[in-house]
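K.L.:
Shown below is the structure under consideration.
The values are calculated or read from the model by the stated rules, or taken from the named source; none is laboratory data. Everything quoted here is computed from the prediction, not taken from an experiment. In this analysis, Cβ positions are derived from the backbone assuming ideal geometry, glycine residues included, and neighbour counts consider all displayed protein chains.
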Amino acid sequence: MRPFEFQRAASESEAIAAAAAGARYLAGGTTLVDLMREEVETPEKIVDINRLPLNYIRATDEAIVIGALARMSEVAANQDVRRLQPLIPETLTEGASPQLRNVASIGGNLLQRVRCPYFRMLDAACNKRVPGSGCSAIDGLNAGHAILGSSEHCVATHPSDLAVSLVALGATLSLKGPRGERTIPVEELFRLPESTPHLEHTLEPGELIVEVHVPNGPYARKARYLKVRDRSSYEFALVSAAAALHVENGIIKEVRIAAGGVGTRPWRMNAVEQALVGKPAARASYEIAAAVSTEETRPLSHNGFKVKLLPATIVRALEMAGDVA
Amino acid sequence: MTTAIGKSLSRIDGRLKVTGQATYAAEFNQEGQAHAVIVGSTVGLGRIEAIDSAAVEKMPGVVAVISHLNAQRLAYNEHRGPIDPPAGERLHVLQGTEIRFFGEPVAIVVAETLDQAEHAANALKVTYSARQPQVDAHAGERVIPAVARRPGARAEADVARGDADKALETAAVKVEAEYVIARENHNPMEPHATIAAWNGDRLTLWSKSQFVANEQAEIAAIFGIPPENVQVNCPFIGGAFGTSLRTWPHVTLAALAARHVNRPVKLVLTRKQMFFATGHRPYTLQRIALGAQPDGKLISIAHEGAGETSRYEEFMEALTSVTSFMYSCPNVRTSYRLIPLDASTPTYMRGPGEASGIHALECAVDELAYKLQMDPIDLRRINEPQIDEGRQVPFSSRSMLKCYDLGAERFGWSRRTPEPGSMRDGRLLIGYGMANASYPCLFAPANARVRLLPDGTVEVEAAASDMGPGTYTSMSQVAAEYLGIPVERIRFSLGRSDFPATPPHGGSMTMASVGSAIRAACLDLQAKAAVLAAKGGGNAGLAGQSPEALEWRDGMLFVKGRSDRGVTYADLVSYGGESPLVGEGTAARDAETGQKYSMHSFGAVFAEVAIDPDVKTIKVRRALGAYGVGRVVNPKLATSQCIGGMIGGIGMAIMERTVLDRRNGRPINAHMADYLVPVNLDTPHIEAHFVDEEDTIVNPLGVKGLGEIALVGMSAAVSNAIHHATGRRVHELPIMIENLL
């Protein structure tokens, strides 16, 4: 680890000022500290935001509001969240391990770095770590990599489970920065790699995620997250799907679907959703619609199986959501 | 006599371990100690062109940068321990510019703190001229092992009886398949760690080792100093599975660094470094052909196996050995080849050889059962041999049929409907599978010392290890049994190279070898005590009795057949003679026994899997093993050992693989998040059962060994269960979701 300056912020304005001057925010530290130990991340300044009053969960009739410093385990255990937005606790408990969930924050979860092995190897080429150095994964081992949204510069998948469900649920983020406050959809937080894979999000310098708003849509209760992987815990998704259904008289009125493990960012499945609206909430409809999910996929040498697994996962997630009483 | 053997005692050291008081190698911090970090090669084949250490030497806290440019020239005298490969020469570190595999140590950075050493190690600029390494076993040349090429070879690469190929042509029913098993790394919890401290030309190592006696000899040979100048200590091991049998380069590097900076040095490998040069289960390629009569009787078995090795050593394991005696069959042919790659040398990993070889054989037998439309256990029963047909000698004991009975009954095998895909639980596909397991009853000469202290307690010493099976506890039970005193009065110590020498703590031979030596030492102590009692006697009235007239009962010495005139150990000490009274024991197996008998443990293992029909997730829901392993010294520990082994087998079946980037030989998943081993959620209900088996031939204790066989067979049972659930035969391990889509 490289030596660095450490500062503990007492207020949001202090934190934002420090970050605008080049400091990195430290919340749970489960990504940043890990990468600093391996010198993949080498910040010169760290600003610890853990004392900011952003650890809260509020429930209203319209939305669940989660402070950016709420811990994954706290949100997963919250009774209001479990009642109004059951997809979120289910998603959170599928991620990481209990120890990590106890310290990892909601804001940090959305900004976690990719799991591409080459990103974590200092001596391997990686455009995300060293822009212009090349991508080792494209011609290397890429079974875990993206089939959607990749570019010739980067094929790493976005690792967050929570982001997938938040994208499906149409959640928004409240941001505060040197130039004031704004609100963006979670989906717009993430950039495609294109020719600048080192730029992963749309936050402006110094901008801080303050809270997450999750609207209590009519589909929020009939929602499930399915994470498919080779072991039952502590593994990133091969493919995951969040599915939320609003069904009336057996007919799908509204549906939200997003997939993880397949895209360079959480992938909202708009075409699949469109193919489902007005159809019976039944496996036959799900299968026809899910087939659309693979239309724009671009598999690499080792991840072709994801093209088969993606629609199967969507079908099963929809079935699970449909089974919710 | 008390009956300490056979009791389910809890671990004597359990409390120490769960309260953090057990001290592991990396925790023996020394006064003035510096920290060393290895810099590994970032090319997979080539040469070091330059090392620019000037800038790094000026970094904060850096004490030294050691490379081939300034490292001590080491003697590397000849030494080949029983766990070293039979041919080739071990890796010499920091002695030259040649790079043989990715991650090979090219330098060590020594600094005041670990952080400083890590930071400086990352900053060290090494330039290489690189060539393309060949790390693909499928493309590699297959060679006959050198030890089999030599005249009068002790190992045979090709073994045959009858004519397997001709018999296969005439067989009514045939199965042929090729099996690929991925490279695995041991990945114990405790990383490799060594603290080295020189005092003049004497070296003390606190080092994670399953074989302290060999570590002492190997380091002495490498440094060209007498073995008695090297002391190796390792009281506890946090799991090893074979990776700490050999003395790997990091031990040499720690000692070399300590001498270079003239102060104690601590060196702990990172998880990533544990994938470079501390051994691995070799990638294997196997082909099996079985031929049977319509009634299921085997008439032909051909088994060709090949495993990866390095270019500089020939690691060999018993990949095809079991095939010659597992079943009755007149025509059997096996062959074993090595595939040298630009990689580091593999080593023994739990169930070495057998785990991979039996996987292939037992999957093929399951396939044959389907072709014959027979129950897989019935097919095995029909082919149960009366003797070891490969060597034409009887088994010392073989309880295979009893294992089928017990295992099938406890598992509920009769509920199985044979048609693939025919069993369901809700929407999930259920499969039952089983396989045979076997592992040889290895034995090597061992020594032990027993010391009777004036307070009546007994100290027992042997240079053995306890990597998890519970050696501390089970050896105390052996001593208690043969001395006839409570286990609480025994204090067993291990893990020091100055204790009586023992064989490696591997190959399931610790209880057989060290246990037998402790028994012999206890008997020696009793004989000496009897002499003493007969000489002294005093008020107990044993004076003048010949030793032959005395016997031990309930921890006391009596005149045979009488209960009134006894003396305790404490009384004996007061009679004079040497104090403490010392018994020494050696265990050796009579060479004739090994020639006259075939000695192996056997078992039948069972697995139930549940597979999601849509997304193909594989869950092992139940696992069960029924074993015939001779006498079980401590059923609780033995059961634990089996549970651990079966979990390892589940990992081998559906998760574990070390993946190499073919461009440079880099292991790309050298991380616990990326190299999958089962977590608690993947660990099913597991049962281990032991059939009653008395084997008076293997060794005086009648124990056949347990640690290795516990992993063997499980991967085949799981594979066969996956086929039963899905109808798919996947011939590669691990079997993952992508294989079932």
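K.L.:
Please list, ordered by residue number, the strands (runs of 3 or more DSSP E) wholly in region B:578-691 having 1 or more residues that are surrounded by 24 or more Cβ atoms within 10 Å (Cβ to Cβ) and either free of Cβ contacts under 8 Å to residues at least 40 places away in the same chain or at the interface with chain A (Cβ under 9 Å from one of its Cβ atoms) (or both).
P.N.:
Counting at least 1 such residues, we get B:618-628.
K.L.:
Does at least one position in region B:699-708 carry a residue that is of a type in the set (Lys, Arg) and either within 14 Å of another protein chain (Cβ to nearest Cβ) or over 23 Å from B:Thr3 (Cβ atoms) (or both)?
P.N.:
The answer is no, given that none of the residues of region B:699-708 is of a type in the set (Lys, Arg) and either within 14 Å of another protein chain (Cβ to nearest Cβ) or over 23 Å from B:Thr3 (Cβ atoms) (or both).
K.L.:
If you go through region A:31-49 one residue at a time, do you hit one that is surrounded by 19 or more Cβ atoms within 10 Å (Cβ to Cβ), in a strand (DSSP E or B) and not hydrophobic (A, V, I, L, M, F, W, C)?
P.N.:
Checking region A:31-49: not a single residue is surrounded by 19 or more Cβ atoms within 10 Å (Cβ to Cβ), in a strand (DSSP E or B) and not hydrophobic (A, V, I, L, M, F, W, C).
K.L.:
Take the residues in region A:275-285 that are outside any loop (DSSP other than H, G, I, E, B) and touching a strand residue (DSSP E or B) at 6+ places or on another chain (Cβ under 9 Å), then tell me which one is farthest from the other protein chains (Cβ to nearest Cβ).
P.N.:
Among residues in region A:275-285 that are outside any loop (DSSP other than H, G, I, E, B) and touching a strand residue (DSSP E or B) at 6+ places or on another chain (Cβ under 9 Å), the one farthest from the other protein chains (Cβ to nearest Cβ) is A:Pro280.
K.L.:
For region B:424-441, what are the residues that are among the hydrophobic types (A, V, I, L, M, F, W, C) and out of contact with any helix residue (DSSP H, G or I) (no Cβ under 7 Å at 6 or more places or on another chain)?
P.N.:
Across region B:424-441, the qualifying residue is only B:Leu428.
K.L.:
Return the total of residues in region A:294-325 being farther than 28 Å from A:Arg221 by Cα and more than 10 Å from every other protein chain (Cβ to nearest Cβ).
P.N.:
Of the residues in region A:294-325, 7 are farther than 28 Å from A:Arg221 by Cα and more than 10 Å from every other protein chain (Cβ to nearest Cβ).
K.L.:
Next up: Given the options A:Ala63, A:Ala70, A:Ala59, name the one that is away from chain B (no Cβ under 14 Å) and in contact with a His (Cβ under 6 Å, 6 or more places away or on another chain).
P.N.:
A:Ala63
K.L.:
For B:Ala55, indicate whether it is surrounded by fewer than 17 Cβ atoms within 10 Å (Cβ to Cβ), away from every other protein chain (no Cβ under 14 Å) and farther than 26 Å from B:Ala446 by Cα.
P.N.:
Yes, satisfied.
K.L.:
What do you reckon, is B:Pro249 in contact with a Pro (Cβ under 7 Å, 6 or more places away or on another chain), surrounded by fewer than 24 Cβ atoms within 10 Å (Cβ to Cβ) and under 25 Å from B:Ala111 (Cβ atoms)?
P.N.:
For B:Pro249, the condition - in contact with a Pro (Cβ under 7 Å, 6 or more places away or on another chain), surrounded by fewer than 24 Cβ atoms within 10 Å (Cβ to Cβ) and under 25 Å from B:Ala111 (Cβ atoms) - is met.
K.L.:
Can you tell me which of B:Leu45, B:Leu94, B:Leu16, B:Leu74 is surrounded by fewer than 20 Cβ atoms within 10 Å (Cβ to Cβ) and under 24 Å from B:Thr347 (Cβ atoms)?
P.N.:
The conditions single out B:Leu74.
K.L.:
Turning to a different aspect of this structure: Is there any pair with a first residue in region A:33-56 that is away from chain B (no Cβ under 13 Å) and within 19 Å of A:Leu175 (Cα to Cα) and a second that is assigned to a strand (DSSP E or B) and among the hydroxyl-bearing types (Ser, Thr, Tyr) whose Cβ atoms are under 8 Å apart and which are 6 or more apart or on different chains, and what are they?
P.N.:
A:Val47/A:Tyr25; A:Ile49/A:Tyr25
K.L.:
Here is a further query. For region B:564-572, does any single residue satisfy the condition of being touching a strand residue (DSSP E or B) at 6+ places or on another chain (Cβ under 6 Å), farther than 30 Å from B:Ile647 by Cβ and of a type in the set (Lys, Arg)?
P.N.:
yes
K.L.:
Inspect all residues belonging to region A:226-240 and state whether any of them is assigned to a strand (DSSP E or B), under 30 Å from A:Ser133 (Cα atoms) and within 14 Å of another protein chain (Cβ to nearest Cβ).
P.N.:
Yes: region A:226-240 contains one or more residues that are assigned to a strand (DSSP E or B), under 30 Å from A:Ser133 (Cα atoms) and within 14 Å of another protein chain (Cβ to nearest Cβ).
K.L.:
Right, something else. Going through B:Thr97, B:Thr113 one at a time, which residue ends up being without any contact (Cβ under 8 Å) to a residue 60 or more places away in the chain, within 27 Å of B:Val268 (Cβ to Cβ) and among the β-branched types (Val, Ile, Thr)?
P.N.:
Sole residue among the options that is without any contact (Cβ under 8 Å) to a residue 60 or more places away in the chain, within 27 Å of B:Val268 (Cβ to Cβ) and among the β-branched types (Val, Ile, Thr): B:Thr97.
K.L.:
Please verify whether A:Leu189 is modelled with pLDDT of 95 or more, within 23 Å of A:Ser293 (Cα to Cα) and either in contact with a helix residue (DSSP H, G or I) (Cβ under 9 Å, 6 or more places away or on another chain) or within 14 Å of chain B (Cβ to nearest Cβ) (or both), treating the condition exactly as stated.
P.N.:
Considered against the rule, which asks whether it is modelled with pLDDT of 95 or more, within 23 Å of A:Ser293 (Cα to Cα) and either in contact with a helix residue (DSSP H, G or I) (Cβ under 9 Å, 6 or more places away or on another chain) or within 14 Å of chain B (Cβ to nearest Cβ) (or both), A:Leu189 comes out as yes.
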